[in-house]
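Okay, so here's the structure we're looking at.
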Number of protein chains: 2
Amino acid sequence: MADVKHQLLEQFAIVAKALGHAHRLDLLDYLAQGERGVDGLARATGLTVANTSQHLQNLRRAGLITSQKRGLQVIYRLAGEDVVDLLSALRHTTERHVAEVDRIVAGYFNERDSLEPISRAELLERSQAGLVTVLDVRPVEEFQAGHIPGAVNLPLKDLEKHLQDLPKGQEVIAYCRGPYCVLSFEAVAALRDKGYSARRLVDGYPEWRASGLPIEANG
Amino acid sequence: MADVKHQLLEQFAIVAKALGHAHRLDLLDYLAQGERGVDGLARATGLTVANTSQHLQNLRRAGLITSQKRGLQVIYRLAGEDVVDLLSALRHTTERHVAEVDRIVAGYFNERDSLEPISRAELLERSQAGLVTVLDVRPVEEFQAGHIPGAVNLPLKDLEKHLQDLPKGQEVIAYCRGPYCVLSFEAVAALRDKGYSARRLVDGYPEWRASGLPIEANG
DNA sequence: TAAATATTCAAGCGATTACTTGATTGCTAA
DNA sequence: TTAGCAATCAAGTAATCGCTTGAATATTTA
């Protein structure tokens, strides 16, 4: 009986241990955008294929992701939306209690972060009222796998070329992968530079989806 | 910039790594009941004092707990309520995706768990209406550090002796430390045996407090 | 059937972690 | 000042982890 508790704690520890490495957190972050093969993840993270494979198996053993063979590839995906919640909780607690995070963020985001982010609730309301243009700056594949309803997809590198697609009168709300995805910061900076009124969505697409808000796919 | 992300992931990984050991999770579980000294924690967990001290320092380095010298002792406490949320998320994801948990729980809790637990919301409502007796079966010290308003403290070992303190007509709702605390299961079993109508509260005291419901201390 | 591709396996290494033991520090009270 | 106590430190050992390298396993295409 005290024994049961320890057996369960052992299981929780296995899951926590799986989260205990930056490379695995990075992999989960990419998987939170949508399913992917080993090779794609290796290229996204910059790890060797063998190393990526081993980390993925580690995550699978912990139950955080599942895999499925499709042709030559093995496709990995998150085991469920609650994994995103767990990652959010980890991020939240770390931000709140680890001073080092402030130091790192202050060094890179200081002026940028003064661009106050908009909440999910506010974005939903203003977007449904047609008051804002929602801009998704992630790569096309990630956008197609799922995005906020009504969002326009303009990867950062194409932004300058297609500025005319954005209605000039409306405020633009940019988002990308998550709270530390630099793309959206840069998009907002670029848009403001061109005379647009622009803000960032707080967090990113995985958090939007995990909080149960409506999404659109296969755009 | 991709570098910033990696630095931050490194910080998250440190926190996750701190959660990646059954003994540390056990320590956090006890600290979720209230602050404690090293010696008390060592006795509660059955670890040596030196080992306990090292695990605690590990947790403190990760920012999950804080310490404060008080006389001869060093008192440790959780860094914040959000740590309980993180532990809940970890438990929730593990329960949902790790088959081993089902196996362990099924082996020990099967008939017991058929005693359907009552939700926090329902307990609050029925307790305020005076319809139920709330029974806290944790040790006296933990009860005094904080408990659900109106709860009666009867540690399991004193339960049989003081049965007459419980109004016989009312349903009794028992709770203790958390979802896997066996005390409340046993209390419910014992009470039913004596002819009482009894149920368990889902989870335990730390989860009650973390969800922002009212508490009472120093009873 | 053979070649090509995506992934996994197996072995080996250096680094890190968990735990024990015994010494040390810092505080309190006699 | 000294004795006693709580906690931490330091050193050593066994086990685990992360990564690389090169071979092995499927599956598809030629």
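The values are calculated or read from the model by the stated rules, or taken from the named source; none is laboratory data. Quick caveat, the model's predicted, so the values are computed rather than measured. Please note: Cβ atoms are built from the backbone with ideal geometry, for glycine as well, and neighbour counts cover all protein chains shown. SASA here: full protein model, heavy atoms, side chains in, ligands and nucleic acids out. Shrake-Rupley method; radii C 1.70, N 1.55, O 1.52, S 1.80 Å.
Accessible surface of the protein assembly as shown, 1.4 Å probe: 50 percent of it comes from carbon and sulfur atoms. Of B:H92, B:H97, the residue with the largest accessible area leads and the full order is B:H92, B:H97 (1.4 Å probe). If each Cα of the range B:111-210 is one equal point scatterer, what is log10 of I(q)/I(0) from the Debye formula at q = 0.16, 0.18, 0.24 Å⁻¹? Each listed q maps to, in turn, -0.58, -0.76, -1.47. Counting only Cβ charges, +1 for Lys and Arg and -1 for Asp and Glu, the dipole size of chain B around its Cα centre is about 480 debye. Estimated at the nearest 10 Å², the accessible area of A:Y76 is 10 Å² with a 1.4 Å probe.
Pairing chain B with chain A buries about 4300 Å² of accessible area. This figure sums both sides and uses a 1.4 Å probe. Only one residue of B:G169, B:A189, B:V132 has its Cα farthest out toward the positive end of the dipole of the range B:111-210, where Lys and Arg carry +1 and Asp and Glu -1 on Cβ, and that residue is B:G169.
In plain terms, the C-alpha convex hull of the protein assembly as shown casts an average shadow of 25.1 nm² when viewed from every direction. Taking amide H atoms as placed 1.01 Å from N in the peptide plane, the amide H of B:I118 lies under 5 Å from those of B:R200, B:L201, B:V202, each 5 or more residues away in sequence or on another chain. Relative to the Cα centre, the charge distribution of the protein assembly as shown, modelled as +1 at Lys and Arg Cβ and -1 at Asp and Glu Cβ, gives a dipole magnitude of about 720 debye. Per residue, chain A exposes 45 Å² of accessible surface when a 1.4 Å probe is rolled over the protein heavy atoms with every protein chain present. Shape index of the range B:2-83: Rg/Rh, with Rg the Cα radius of gyration and Rh the Kirkwood radius from the inverse mean 1/r over Cα pairs, equals 1.03. Restricting the range A:115-219 to GluC sites (Glu not before Pro) that sit in a DSSP loop and have at most 16 other Cβ atoms within 10 Å of their own Cβ leaves A:E160. Does chain A classify as rounded, prolate or oblate by the C-alpha gyration tensor (a ≥ b ≥ c root eigenvalues; a/c under 1.5 gives rounded; else a/b over b/c gives prolate, otherwise oblate)? It is prolate, given that a/c is not under 1.5 and a/b is the larger ratio.
Per-residue SASA remark: B:L154, around 10 Å² accessible (1.4 Å probe; ligands, DNA and RNA not included).
Across identical copies of the chain, B:L131 has label-point separations of 4.2 nm, listed in ascending order, with the point defined 7 angstrom from Cα along Cα→Cβ. Mean per-residue shielding of peptide A:21-31 is 4, counting Cβ atoms of other chains within 10 Å of each Cβ.
Each other copy places its own label point for A:R77 at 4.5 nm from this one, sorted shortest first, where the point lies 7 Å along the Cα-to-beta carbon line.
Here the calculated FRET efficiency for B:H92 and B:Q57, from their Cβ-Cβ distance with R0 = 22 Å, stands at 0.20, rounded to the nearest 0.05.
Inter-label distance, B:A129 to A:D3: 4.3 nm, where each label sits 7 Å from its Cα along the C-beta direction. Entry note, chain B: the mean residue ellipticity at 222 nm calculated from DSSP H runs of n ≥ 4, each adding -39500 (n - 2.57), is -15500 deg cm²/dmol after division by the residues and rounding to the nearest 500. Under 25 Å of direct C-alpha separation, and excluding same-chain neighbours fewer than eight residues apart, B:K194 reaches these lysines: B:K157, B:K161, B:K168.
Per-residue mean of foreign Cβ neighbours for A:81-91 is 5 (Cβ atoms of other chains, 10 Å radius). Charge dipole of the range A:108-210 (Cα centre as origin; +1 on each Lys and Arg Cβ, -1 on each Asp and Glu Cβ, all else neutral): 100 debye, rounded to the nearest 20.
Given a 1.4 Å probe and the protein chains as shown, B:L124 ends up with an accessible area of around 40 Å². In the range B:2-83, a dipole from Cβ-located charges (positive for Lys and Arg, negative for Asp and Glu) runs towards its positive end, and of B:A79, B:H55, B:L25 it is B:H55 whose Cα lies farthest in that direction.
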